[in-house]
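Engineer: Below is the structure I would like to discuss, written out as structure tokens.
The values are calculated or read from the model by the stated rules, or taken from the named source; none is laboratory data. What you see is a predicted model; the values in this text were computed from it and never measured. Please note: Cβ atoms are built from the backbone with ideal geometry, for glycine as well, and neighbour counts cover all protein chains shown. Accessible surface areas use protein heavy atoms only, side chains included; no ligands, DNA or RNA. Shrake-Rupley method; radii C 1.70, N 1.55, O 1.52, S 1.80 Å.
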Amino acid sequence: MPRALITGITGQDGLYLSELLLAKGYEVYGLIRGQNNPKLELVRNTVPGVKLVTGDLTDISSLIRALEVAQPDEVYNLGAISFVAYSWENALLTSEVTGKAVLNILEAVRLYSHDDMSKVRFYQASSSEMFGKVQEVPQRENTLLWPRSPYGVAKVFGHYMTINYRESYGMHASSGILFNHESPRRGPEFVTRKVSQAVARISLGLQDDITLGNLDAKRDWGFAGDYVDAMWRMLQQDEADDYVVATGETHSIRELLDIAFRHVGIDDWEPLVKQDPRFMRPAEVDLLIGDPSKAHDQLGWERKVDFPGLVTMMVENDLAEQRALNGR
């Protein structure tokens with residue numbers, strides 16, 4: 001039975017990846033920070049088959065202990081402070097957790113492996129935010145990185161450190177450059193879930209309107225459940241490498257609003273949507289659209305859920321959730 005250790009187990013990717021690995025017969029361990037983590041029950045209820053170990057990405061000794069408990073064949077480093085807007089307000093903490101902590105886990109894996117680099121395969125969650133001020137469209141694995149947020153800068157550090165450990169020590173260490181991926185498990189601070197939740201509440205008479213930032217911002221959005229399959233496929237390859245995981249399509253916030261509101265029978269959403277400069281980024285990224293050709297060709301990976309399917313899935317989930325919460 002293969003064994004895996006997942007950091008960031010409480011996030012949407014950690015939960016979907018856990019489900020995927022458990023279904024494949026893995027023994028799955030999840031790293032969780034703090035004894036009173038508010039998401040502890042969420043993990044236990046969603047993926048009861050996962051064994052939880054306590055640790056902190058900023059504490060390398062706790063990571064080594066977690067590795068000794070889990071004895072993993074594969075490590076998936078998904079843990080990060082992942083809300084981009086927060087990274088301007090807390091740049092130092094973001095750098096510690098999203099950037100430097102990648103070095104911590106890489107070094108912990110190296111020490112745990114006792115220089116037998118075939119012992120553990122490592123996955124690093126890189127991000128399309130690394131492209132920032134894009135230098136070519138679409139973005140590929142070899143596109144110049146030009147991050148435009150503290151989060152993006154931290155992710156670049158982690159990305160290159162992963163490559164460095166692969167080249168310096170022969171570690172089977174791969175990075176997935178994942179473009180925006182969403183799901184009903186996305187936190188409500190992210191724009192896709194903020195929209196799906198608000199649309200559900202507005203349609204049920206529980207909310208009057210929604211306030212957003214730049215409605216013309218465009219992203220390459222996919223379904224998180226599809227993207228974790230690409231992570232797993234990377235670690236099954238003979239050679240470690242880096243892969244862009246994306247849909248190859250871009251959609252605006254306006255398109256997101258069109259599909260979401262139309263699903264609840266509202267065609268004219270403009271009176272229901274307000275804009276506030278507080279939700280504008282200090283430095284907006286340009287046209288993020290990924291070229292997933294390498295993932296298609298080498299990993300055999302394909303996305304299954306298209307953009308309209310993703311948005312309606314999220315709205316349907318929030319309709320059911322809001323009805324249950326409010327007795328509608």
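Engineer: Which value, in Å² rounded to 10, gives the accessible area of GLU107 with a 1.4 Å probe and all protein chains present?
Structural biologist: GLU107 has an accessible surface of roughly 40 Å² with all protein chains in place.
Engineer: Here's something else I'd like to know. How much mean residue ellipticity at 222 nm does the chain get from its helices, if each DSSP H run of length 4 or more adds -39500 (n - 2.57) and you divide by all residues, to the nearest 500 deg cm²/dmol?
Structural biologist: The per-residue figure over the chain is -12000 deg cm²/dmol.
Engineer: While we're on this one: What nm value, rounded to one decimal, do you get for the distance between ASP267 and THR58 when each label is placed 7 Å out toward the C-beta?
Structural biologist: That separation, rounded to one decimal, is 5.3 nm.
Engineer: Which order do you get for GLU129, GLU68 if you rank them by accessible area with a 1.4 Å probe, largest at the top?
Structural biologist: Order by accessible area, largest first: GLU68, GLU129.
Engineer: Run down the lysines and flag those whose C-alpha is under 17 Å from the C-alpha of LYS24, throwing out any fewer than 8 positions away in its chain.
Structural biologist: Counting by Cα, and skipping residues close in sequence, LYS24 has these lysines nearby: LYS51.
Engineer: Here's a follow-up. If the range 125-179 were replaced by its equivalent ellipsoid, with semi-axes equal to the square roots of 5 times the Cα gyration tensor eigenvalues, what would those be, largest first, whole Å?
Structural biologist: 20, 12, 9
Engineer: Have a look at LEU93, LEU63, LEU287 and tell me which one the Gaussian network model of the chain (Cα, springs below 10 Å) gives the largest fluctuation.
Structural biologist: LEU93
Engineer: Follow-up. Assuming a ≥ b ≥ c are the square roots of the Cα gyration tensor eigenvalues, decide whether the range 197-292 counts as rounded (a/c under 1.5), prolate (otherwise, with a/b larger than b/c) or oblate.
Structural biologist: prolate
Engineer: Moving on. Starting from the Cα-Cα distance between SER168 and ASP116, subtract it from 0.36 nm times their residue separation and give me the gain in nm to one decimal.
Structural biologist: 17.4 nm
Engineer: Still on this structure: Count the net charge of all other residues whose Cβ sits under 10 Å from the Cβ of VAL50, scoring Lys and Arg as +1 and Asp and Glu as -1.
Structural biologist: It works out to a net charge of 0.
Engineer: Exceeding 25 Å between C-alpha atoms, which entries from my cross-link table qualify? They are LYS194/LYS274; LYS39/LYS119; LYS155/LYS304; LYS194/LYS294; LYS194/LYS218; LYS39/LYS274.
Structural biologist: With Cα atoms farther than 25 Å apart: LYS39/LYS119; LYS155/LYS304; LYS194/LYS294; LYS39/LYS274.
Engineer: Using 7 Å Cα-to-Cβ label points, what is the GLN275/GLN298 separation (nm, one decimal)?
Structural biologist: According to this spin-label approximation, the distance is 4.1 nm.
Engineer: On average, how much accessible surface per residue is there in the range 1-150, in Å², for a 1.4 Å probe, leaving out ligands, DNA and RNA?
Structural biologist: 44
Engineer: For the range 11-53, with the dipole built from +1 on Lys and Arg beta-carbon atoms and -1 on Asp and Glu ones, taken about the Cα centre, which of ASN45, LEU21, ILE32 lies farthest toward the positive end?
Structural biologist: Toward the positive end, the furthest listed residue is ILE32.
Engineer: Could you run the Karplus curve 6.51 cos²θ - 1.76 cosθ + 1.60 with θ = phi - 60° over the range 25-41 and give me ³J(HN,Hα) per residue in whole Hz, x for Gly and Pro?
Structural biologist: Result, ordered by residue: x, 6, 8, 10, 10, x, 7, 10, 9, x, 6, 10, 4, x, 9, 4, 5 Hz.
Engineer: On a full-extension model of 0.36 nm per residue, what is the gain between GLU41 and VAL69, subtracting their alpha-carbon distance, rounded to one decimal in nm?
Structural biologist: 8.0 nm
Engineer: Given axes a ≥ b ≥ c from the Cα gyration tensor, I'd like to know whether the range 256-328 is rounded (a/c under 1.5), prolate (a/b larger than b/c) or oblate.
Structural biologist: Because a/c hits 1.5 or more and a/b fails to exceed b/c, the range 256-328 counts as oblate.
Engineer: Within the P(r) computed for the chain, what percentage of the Cα pairs occupies the region above 33 Å?
Structural biologist: Result: 25 percent of Cα pairs exceed 33 Å.
Engineer: Oh, and also: Take GLU302, GLU321 and sort them by solvent-accessible surface of the protein heavy atoms, 1.4 Å probe, largest at the top.
Structural biologist: GLU302, GLU321
Engineer: Based on the alpha carbon coordinates of the range 168-211, what radius of gyration and maximum Cα-Cα distance (Dmax) apply, in Å?
Structural biologist: In order Rg, Dmax, the Cα atoms of the range 168-211 give 17.8, 58 Å.
Engineer: Something else about it: Roughly speaking, what is the centre-to-centre gap between the range 1-28 and the range 68-86 when only Cα atoms are used, to the nearest Å?
Structural biologist: 11
Engineer: In whole percent, how big is the carbon plus sulfur part of the accessible area of the chain, probe 1.4 Å, protein atoms only?
Structural biologist: The nonpolar share, carbon plus sulfur, comes to 48 percent.
Engineer: Also, quick follow-up: Relative contact order (percent) for the chain, with alpha-carbon contacts under 8 angstrom and 6 or more residues of separation?
Structural biologist: 17
Engineer: Kyte-Doolittle cut-off -0.5, length cut-off 27 Å along the helix's own axis using Cα: show which whole DSSP H helices in the chain pass.
Structural biologist: Once both thresholds are applied, what remains is 150-169, 307-326.
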